[in-house]
1. Please count how many residues of the stretch 1-54 are out of contact with any Leu (no Cβ under 8 Å at 6 or more places or on another chain), within 26 Å of residue 65 (Cβ to Cβ) and basic (Lys, Arg).
2. Residues of the stretch 14-67 being of a type in the set (Lys, Arg) and either within 22 Å of residue 3 (Cβ to Cβ) or touching a residue at least 40 places away in the same chain (Cβ under 8 Å) (or both), which ones?
3. Output the number of residues of the stretch 19-67 satisfying the condition of being surrounded by 16 or more Cβ atoms within 10 Å (Cβ to Cβ), among the polar types (S, T, N, Q) and in a loop (DSSP other than H, G, I, E, B).
4. Return only the number of the condition from (1) at pLDDT 90 or above; (2) touching a Gly at 6+ places or on another chain (Cβ under 7 Å) that residue 67 does not satisfy.
Amino acid sequence: MPRSYYDNNFGHYDIEDESDVESYRDVQRRSVLKKCEGCGNKVRLLPDYGYCNSCAEKRERGQDLEY
C-alpha cells in the first residue's frame, strides 16, 4: 500500500517501493533550511534549489509570486 510523503523540493507524492523511500530520506538529509525566493518562507530545500515546490509550480504556470 502506498504511503504519502511531502517535501518542499518535490511536493506530495505516494511511495510504494522501499528503495524510493530511501531516496526520499536522502533528499531530506541533503536539504537545508533556507528562505524560498518566491514566498519568503523558511523551508528545507536542496542547496541548489531557490524555490519551494509550491512557488516552482506557480512559476511554471506563469503566475505571479506574492512576495
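The values are calculated or read from the model by the stated rules, or taken from the named source; none is laboratory data. Only a predicted model underlies this, so the values are computations on that prediction, with no experimental measurement involved. Quick reminder, even Gly has a Cβ in these numbers, built from the backbone with ideal geometry, and neighbours come from all protein chains shown.
1. Summing the residues that are out of contact with any Leu (no Cβ under 8 Å at 6 or more places or on another chain), within 26 Å of residue 65 (Cβ to Cβ) and basic (Lys, Arg) in the stretch 1-54 gives 1.
2. The answer is 25, 29, 30, 44.
3. Result for the stretch 19-67: 1.
4. Answer for residue 67: the failing condition is (1).
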